[in-house]
Every structure is written in C-alpha cells, then in structure tokens.
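Here is the structure we will look at, set down as structure tokens.
The values are calculated or read from the model by the stated rules, or taken from the named source; none is laboratory data. Model, not experiment: these values are computed from the prediction. All Cβ positions, glycine included, derive from the backbone under ideal geometry; neighbour counts span all protein chains shown.
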C-alpha cells in the first residue's frame, strides 16, 4: 500500500495516538518535510531537530515510512476535524456550503507541506490527485455525502438520493481543481472574494434543494433572507 492509498478512510476510522513524545516527533517531522521535502527527509534530521535520539524515535516509528504515514495522517485528521467544526457551526445549509468550501480551499491552498510537494516533488503526490485519484475522490465524496445526508435528515434540504453522490463529487472536484491549478481568473485571492464567488456560483445549488426560504448564508456583508 502506498503512502496515500486509503488515507482519508484511515484518517476517519482510526484513533490518533495520545503520546506527547510522538507528537513532538511529528511536529519536528512536519517542519523538516516543509523545509526539505520528502526525498531528503531522514530520521537523523528529525532527531536533531527535535533533540531526541534515533533510538527514541524508532520506538515510536519503527521506520521512515511509518513516520511519514503518521505525519500525513495527522495533517489529514487536522483538516477533517477543522472542516467539520466549521460546517457544524453554521446555522443554514447555504452557510455550511459557503464556509465549508471556503475553509477547504483556503486550508489546502495555504498548506505548506502540500504545496511544497506539488511544487518540488509532484511525482510523490500528484498521481493520487489526478490519474490515480479514483480512490481519494471516492473517499472524499463519501465524506461530503455524509454531511449532505445529515442536512437532509435535519430537514434543511431535500436532494433525491441518486443526486447526493453527484453533488458531493462536484464539490470534491471543484476543490481539487482550485488547489492543483491555483492560477485562475476567479477572484479568490482573499476571504471576501472567495466567499463572493461561492455565494454567486454555488449557493444556487443549495437553494435548488432547499425546501425553505432561509437558505442564504449568514456571512459578513452578505444579504440575508430578511434583507429587502
């Protein structure tokens, strides 16, 4: 199994280790990978950076691949946890879509390690986001479809079951495109611009499936359902 195979599923279904030393090692590993990439990544460099012996690191991570796998897993868990927190905090389906998309695009476009790999070592990650992306796309689609079904259960939207996966995959592919090809004529370089683009082009999707009239997002500066 490759480093990125089944990653999202594993991040969603496995529990993170509660170990202070392991967390220190992962912090140092992240900084090392951000600074030098994965080709030049060594346990010796991580040991020097964190101030621990190689033997101590090997007790927690028996080989380099296990350390890298744990590192990528932790970053993905952090992404999923923050994304779900952002979505859960919103009062309407449209706000969940606006803030959820905004968070995902912003987090991934600004993630130092991801962008380092895409820029300097694309062969390590790009296939899993393009030609070999069927698995990751399916896992991301399943995750978003679960969030959509929660909205349906709550009675805030009505989407025919055959359309749920299509809607979820559309969102996945939009985010992937904006991350993999950051140069765009879309005005998304700051928070306000990103929210405006989402509001203009994607909120109508939510309104199409919303049985009530309160589908406008509660974002700063945006009109609400009560605004004339």
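In the list 52, 101, 30, which residue meets the criterion of being touching a helix residue (DSSP H, G or I) at 6+ places or on another chain (Cβ under 9 Å), in a loop (DSSP other than H, G, I, E, B), touching a residue at least 12 places away in the same chain (Cβ under 8 Å) and at negative phi? Give the steps one after another, and end with the answer.
Working: 101 fails: in a loop (DSSP other than H, G, I, E, B); 30 fails: in a loop (DSSP other than H, G, I, E, B).
Exactly one of 52, 101, 30 is touching a helix residue (DSSP H, G or I) at 6+ places or on another chain (Cβ under 9 Å), in a loop (DSSP other than H, G, I, E, B), touching a residue at least 12 places away in the same chain (Cβ under 8 Å) and at negative phi, namely 52.
Kindly establish whether residue 113 is at pLDDT 95 or above, closer than 20 Å to residue 178 by Cα and surrounded by 17 or more Cβ atoms within 10 Å (Cβ to Cβ). Walk me through how you get there before you give the answer.
Working: at pLDDT 95 or above: yes; closer than 20 Å to residue 178 by Cα: yes; surrounded by 17 or more Cβ atoms within 10 Å (Cβ to Cβ): yes.
Yes: the conditions hold for residue 113.
Can you tell me which residue is farthest from residue 116 (Cα to Cα) among those in region 60-83 that are exposed (fewer than 13 other Cβ atoms within 10 Å of the Cβ) and assigned by TED's automatic domain parsing to the domain that holds residue 12?
62
Does any residue of region 128-137 turn out to be farther than 22 Å from residue 77 by Cα and in the same structural domain as residue 113 (by TED's automatic domain parsing)?
Looking for residues that are farther than 22 Å from residue 77 by Cα and in the same structural domain as residue 113 (by TED's automatic domain parsing), one finds at least one in region 128-137, hence yes.
Please find, within region 152-186, the residue that is surrounded by the most Cβ atoms within 10 Å (Cβ to Cβ) out of those that are assigned to a helix (DSSP H, G or I) and more than 20 Å from the chain's Cα centre (by Cα).
Taking the candidates together, the pick is 152.
Filter region 166-182 for residues that are at pLDDT 90 or above and more than 16 Å from residue 208 (Cα to Cα) and give the result.
Across region 166-182, the qualifying residues are 169, 172, 173, 174, 175, 176, 177, 178, 179, 180, 181.
For region 33-49, which residues satisfy the criterion of being free of Cβ contacts under 8 Å to residues at least 12 places away in the same chain and under 22 Å from residue 114 (Cα atoms)?
Once the filter is applied, which keeps residues that are free of Cβ contacts under 8 Å to residues at least 12 places away in the same chain and under 22 Å from residue 114 (Cα atoms), region 33-49 yields 35, 36, 40.
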